[in-house]
1. Just give me the residues in the range 96-149 being of a type in the set (Val, Ile, Thr) and in contact (Cβ under 8 Å) with a residue 24 or more places away in the chain, in sequence order.
2. Out of Val91, Val115, Val97, I need the residue that is open to solvent by 20 Å² or more (accessible area, probe 1.4 Å) and either within 16 Å of the chain's Cα centre (by Cα) or at negative phi (or both). Which one?
3. All but one of (1) open to solvent by 40 Å² or more (accessible area, probe 1.4 Å); (2) assigned to a helix (DSSP H, G or I); (3) not polar (S, T, N, Q) hold for Gly19; which doesn't?
4. Any idea which residue in the range 1-16 is farthest from the chain's Cα centre (by Cα), counting only those that are farther than 9 Å from Ala59 by Cβ, among the aliphatic types (A, V, I, L, M) and open to solvent by 60 Å² or more (accessible area, probe 1.4 Å)?
5. Of the residues in the range 100-112, how many are open to solvent by less than 20 Å² (accessible area, probe 1.4 Å) and part of a helix (DSSP H, G or I)?
6. Quick one: in the range 76-95, which of the residues that are among the small types (Gly, Ala, Ser) and without any contact (Cβ under 8 Å) to a residue 60 or more places away in the chain is farthest from Arg1 (Cα to Cα)?
7. Six or more apart or on different chains, Cβ atoms under 8 Å: show the pairs whose first residue is in the range 1-30 and over 26 Å from Leu134 (Cβ atoms) and whose second is not acidic (Asp, Glu) and not in a helix (DSSP H, G or I).
8. Take the range 120-150 and flag every residue that is outside any helix (DSSP H, G or I) and under 17 Å from Asp104 (Cβ atoms).
Amino acid sequence: RLAAATDFLELCMKEVVAGQFLDVVGQTRASLTVDEAMKVVRFKSAKYTVERPMHIGAALAGAEDELIGALSDVALPLGEAFQLRDDVLGVFGDPSVTGKPAGDDLREGKRTVLVARTAELTDDTGRAMLFERLGTADGVDAVRELIGSSGALAAVEADIARLEDQAETALTALGADAR
């Protein structure tokens, strides 16, 4: 049991390093696609914060491979939804509630899924403004407005809802004892 749990811990460390690498490389590019941004979310966040901890606990409890796979079906969409919500709160959240300043990701020029969706959904003028103002202190309000007006915020909210539904469906499939 301990060996299996250790294997999952080692995978977790490798995956989070890969996610961090993808994130750093992504920051050097003019833009990321939604798929590329979601890959960062999966490896830097979802696997690290939800999937591998579930696997480690299950391995320590002696779970079979079938259960480990079923836990991934719950954990990955749940972890991805969690990170997308964190990104939304980082742009639109109330700092007195979230405990972090709104707009930091925009000021830092992070290539989040929100930014990728905005680039995907806006027109050429919007894209030019997005990449000109992203990463500047005075561009936060303009980029925040573009995220909303382009439909990117609504699209990410729909992504979150879809991922939550996937996690809920997978959790239900595990049965009452697992819940």
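The values are calculated or read from the model by the stated rules, or taken from the named source; none is laboratory data. Quick caveat: nothing in here was measured; it's all calculated off a predicted structure. Please note: Cβ atoms are built from the backbone with ideal geometry, for glycine as well, and neighbour counts cover all protein chains shown. The protein model used for the area step is the full one, side chains on, heavy atoms only, and it has no ligands, DNA or RNA in it. Shrake-Rupley method; radii C 1.70, N 1.55, O 1.52, S 1.80 Å.
1. So in the range 96-149, the residues of a type in the set (Val, Ile, Thr) come out as 97-98, 112-113, 115, 118, 122, 125, 136, 140, 143, 147.
Residues satisfying the conditions are Thr112, Val113, Val115, Thr118, Thr122, Thr136, Val140, Val143, Ile147.
2. Details: Val91 fails: open to solvent by 20 Å² or more (accessible area, probe 1.4 Å); Val115 fails: open to solvent by 20 Å² or more (accessible area, probe 1.4 Å).
Within the list Val91, Val115, Val97, the selection yields Val97.
3. With respect to (1) open to solvent by 40 Å² or more (accessible area, probe 1.4 Å); (2) assigned to a helix (DSSP H, G or I); (3) not polar (S, T, N, Q), Gly19 is out only on (1).
4. From the range 1-16, those farther than 9 Å from Ala59 by Cβ are 9-16; that's our starting set.
Keeping just the survivors that are among the aliphatic types (A, V, I, L, M) gives 9, 11, 13, 16.
Keeping just the survivors that are open to solvent by 60 Å² or more (accessible area, probe 1.4 Å) gives 9, 11, 13.
On the way: Leu9: 20, Leu11: 19, Met13: 17 Å.
Per the stated criteria, the residue is Leu9.
5. 1
6. Taking the range 76-95 and keeping what is among the small types (Gly, Ala, Ser), we get 79, 81, 90, 93.
Still in the list and also without any contact (Cβ under 8 Å) to a residue 60 or more places away in the chain: 79, 90, 93.
Numbers: Gly79: 25, Gly90: 39, Gly93: 42 Å.
For the range 76-95, the residue satisfying everything is Gly93.
7. Close Cβ pairs (under 8 Å, with a partner that is not acidic (Asp, Glu) and not in a helix (DSSP H, G or I)) amount to Arg1/Ala61; Arg1/Gly62.
8. Matches in the range 120-150: Leu134, Gly135, Thr136.
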